[in-house]
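Undergrad: Could you have a look at this structure, given as structure tokens, before my questions?
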Amino acid sequence: PIAKKLLANFLTERNENVDRLVVLNGIPRHTGQAESIEAVVRMQTVVSLECEPRTVWERIRNNTGGDRDGRADDSLEEIEKRIELFTKRTAPLLKYYREIGVPVLSLDAGIETTAQDMRSQLEAKWSRIIT
């Protein structure tokens, strides 16, 4: 499995050990990857950014995060494809992690939600599970 190899190489190159907290963004993308990376990392918490598909489109269209300039893959058609793929392959990860006892923190994202807003939500919810 390529995700497992990439993650293992990343951690080895940085001399990360099992006692360090590593934030994964974009991996795993499906349950097969989740199962394969269990040999490399122990998932402690999953954070899920929640919003409606329309919110995704509006955030991209408005470049809310300031990182969307010049993206050829930001057409409505391409975004709809990515949302469909997410729904089929990635969303089931939440159920998978809940079933194996990993806490899942859901954060609400709106059209104008900032990174600081998300951080505030995360800190409030994180403090409830890390006591």
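The values are calculated or read from the model by the stated rules, or taken from the named source; none is laboratory data. As the structure is a prediction and not an experimental result, all values here were calculated from the model. Neighbour counts are summed over all protein chains in view; Cβ atoms, including those assigned to glycine, are modelled from backbone coordinates with ideal geometry. Just so you know, the surface numbers come from the protein's heavy atoms only, side chains and all, with ligands and any DNA or RNA stripped out. Shrake-Rupley method; radii C 1.70, N 1.55, O 1.52, S 1.80 Å.
Undergrad: Relative contact order for the chain: what is it in percent, counting Cα pairs under 8 Å that are at least 6 residues apart?
TA: 31
Undergrad: So which residue, out of E13, E58, E50, gets the largest mean-square fluctuation from a GNM of the chain using Cα contacts under 10 Å as springs?
TA: Maximum fluctuation in the GNM of the chain, among the listed residues, is at E13.
Undergrad: If the viscosity is 0.692 mPa s and the temperature 37 °C, what translational diffusion coefficient in µm²/s does Stokes-Einstein give for the range 8-67 when Rh comes from Kirkwood over Cα pairs?
TA: Translational D for this selection: 232 µm²/s.
Undergrad: Sorted by accessible area (1.4 Å probe), largest first, how do I79, I111 line up?
TA: Details: I79 5, I111 65 Å².
My answer, sorted largest first, is I111, I79.
Undergrad: What does the convex hull of the Cα atoms come to per residue for the chain, in Å³?
TA: Roughly 139 Å³ of hull volume per residue.
Undergrad: Compare W57, W126 by solvent-accessible area with a 1.4 Å probe and give them largest first, with all protein chains kept in place. Walk me through the numbers before you get to the answer.
TA: Working: W57 45, W126 85 Å².
Most to least solvent-accessible, the answer reads W126, W57.
Undergrad: Moving to a separate point now. Once label points are set 7 Å from the Cα along Cα→Cβ at both L24 and K5, what is their separation, rounded to one decimal in nm?
TA: Between L24 and K5, the simple spin-label model gives 1.7 nm.
Undergrad: Here is a follow-up. What does the accessible area of T113 come to, in Å² to the nearest 10, when a probe of 1.4 Å is used?
TA: T113 has an accessible surface of roughly 20 Å² with all protein chains in place.
Undergrad: All other residues with a Cβ under 12 Å from the Cβ of P53 taken together, and with Lys, Arg as +1 and Asp, Glu as -1, what is their net charge?
TA: -1
Undergrad: Turning to a different aspect of this structure: With a 1.4 Å probe and all protein chains kept in place, how much accessible area does K95 have, in Å² rounded to the nearest 10?
TA: Approximately 130 Å² of K95 is accessible to the 1.4 Å probe.
Undergrad: Another question, if that's okay. I want the local charge near L107. Using Cβ-Cβ distances under 11 Å, sum +1 for each Lys or Arg and -1 for each Asp or Glu among the other residues.
TA: Working: positive: R119, K125; negative: E50, D108, D117, E123.
In short, -2.
Undergrad: In the chain, what percent of the accessible surface is made up of carbon and sulfur (1.4 Å probe, ligands and nucleic acids excluded)?
TA: 51
Undergrad: While we're looking at this one, here's another question. In whole Å, what is the distance between the alpha-carbon centres of the range 2-60 and the range 68-92?
TA: The two parts, judged by their Cα centres, are 18 Å apart.
Undergrad: Continuing with this model, one more query. Pull up the cross-link candidates among the aspartates and glutamates for K88, meaning alpha carbon to alpha carbon under 14 Å and not fewer than 8 places away within one chain.
TA: Those aspartates and glutamates meeting the cut-off are E80.
Undergrad: Using only helices, what value at 222 nm comes out for the chain when you add -39,500 (n - 2.57) per DSSP H run of length 4 or more and divide by the total residues, to the nearest 500 deg cm²/dmol? Don't jump to the answer; show the numbers that get you there.
TA: Values: 6 runs with 61 residues, N = 131.
One gets -13500 deg cm²/dmol as the mean residue ellipticity at 222 nm.
Undergrad: How do V40, V23 rank by accessible surface area computed with a 1.4 Å probe, from largest to smallest?
TA: Most to least solvent-accessible, the answer reads V23, V40.
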